[in-house]
Amino acid sequence: MAGCRHKPELDGNAIENQIIKEADIRRAFPDLQLLKEILTDVNCADSALLGKKIVLADEYHSKDTTEILLIPFQPNGKNYQSSAYSNINGRYILINPEYILDFTRKYSLNADSSFRPVLELMLLHEVGHFLLRKNGYFDKLNGTGIKLGQQRSDSEPEFMTMVKKIELSADSLAIDMVKRKLTSKTQPCLNIAMSVQLIIPGMQFMISGRRMIDRFGESNIQFLHDPSNDHPNLELRVIFMNYFLNPNDGLKQMIDDYIYERTVAPVHRQEFDPKIFNEQEKD
Ligand SMILES: [Zn+2]
């Protein structure tokens with residue numbers, strides 16, 4: 001192969017095949033053209049910070065460390081753990097477009113116009129993992145989809161785990177990229193910045209609305225619970241992102257309550273021995 005020495009081998013398809021085989025998933029391209037447009041936007045938004053670009057298999061060279069391979073997939077039968085996943089050392093991102101579309105239908109005001117910015121936001125979150133150099137999932141799936149995570153008894157602590165910190169950091173980095181573009185004087189990538197900025201308040205509205213309906217009649221309806229040890233409550237993440245974009249006192253209060261609940265309150269609760277302080281007798 002003399003003459004090809006300066007250009008690394010275009011081996012994205014082989015690498016992709018190996019990854020999807022190992023993960024027991026299959027490739028799914030619902031709308032390749034849309035995905036390419038989205039990648040152009042995301043690469044524009046993260047370029048200054050990340051110094052890498054996300055490409056599909058037909059443009060990926062494994063030897064070129066400035067490229068990240070994006071694999072849109074569908075699970076093979078059993079539930080896959082997440083709608084999006086980043087593998088830092090492997091330099092690839094998996095996304096599950098069909099699941100993300102379902103998510104968008106559930107949590108945005110208009111699924112048709114929201115799919116693109118939601119996908120962009122998820123990809124920027126995954127870019128956040130690359131910036132942090134920490135692998136991660138956007139969320140964790142179970143059979144019924146994302147748990148909003150409100151169920152909790154008062155005796156369970158909801159600690160701020162390392163994984164939660166990483167997820168919130170990746171979310172913050174995603175929003176930071178959007179904010180940089182919104183305030184940039186030259187205005188490249190303004191489309192993605194504006195559409196992601198617009199989607200977040202709507203998502204908060206929808207997610208909070210679902211919580212209000214699901215928990216109608218409960219006394220602590222305003223309180224955001226977060227019992228999982230890995231991913232923070234989705235509503236909370238969206239509130240964080242929304243606050244970062246549009247700071248206001250109401251959001252600040254919810255976040256302060258959240259931080260308090262995770263740092264000070266568990267210590268206080270430990271002072272009450274559950275065997276002595278037991279009010280399980282309800283219903
Ligand atoms: Zn993540």
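Values quoted throughout were computed directly from the atomic coordinates according to the rules given, and no laboratory measurement underlies them. What you see is a predicted model; the values in this text were computed from it and never measured. Here the Cβ positions follow ideal geometry from the backbone for every residue, glycine too, while neighbour counts run over all protein chains shown.
All other residues with a Cβ under 13 Å from the Cβ of residue 251 taken together, and with Lys, Arg as +1 and Asp, Glu as -1, what is their net charge?
Values: positive: 237, 252; negative: 235, 249, 256, 257.
Overall, the nearby charge balance is -2.
Arranged from highest to lowest average of other beta-carbon atoms within 10 Å per residue, in what order do the peptides 88-96, 236-244 appear?
Per-residue Cβ counts within 10 Å, averaged per peptide and sorted highest first, yield 236-244, 88-96.
Placing pseudo-labels 7 Å out from each Cα toward the beta carbon at residue 89 and residue 248 gives an inter-label distance of 4.6 nm.
When Lys and Arg each count +1 and Asp and Glu each count -1, what net charge do the other residues less than 14 Å away from residue 38, Cβ to Cβ, add up to?
Net charge in that neighbourhood comes out at -3.
Taking other Cβ atoms within 10 Å as a rough exposure proxy, 125, 268, 61 sort from fewest to most as 268, 61, 125. Spacing of the modelled spin labels on residue 11 and residue 37, each 7 Å from Cα toward Cβ, amounts to 3.4 nm.
Determine the sum of side-chain charges near residue 62: Lys and Arg each +1, Asp and Glu each -1, restricted to other residues whose C-beta is under 11 angstrom from that of residue 62.
Values: positive: 63, 91; negative: 9, 11, 16, 64, 67.
Local charge sum for residue 62: -3.
Which FRET efficiency, nearest 0.05, do residue 133 and residue 22 yield, Cβ-Cβ r, R0 22 Å? E(calc), rounded to 0.05, equals 0.50.
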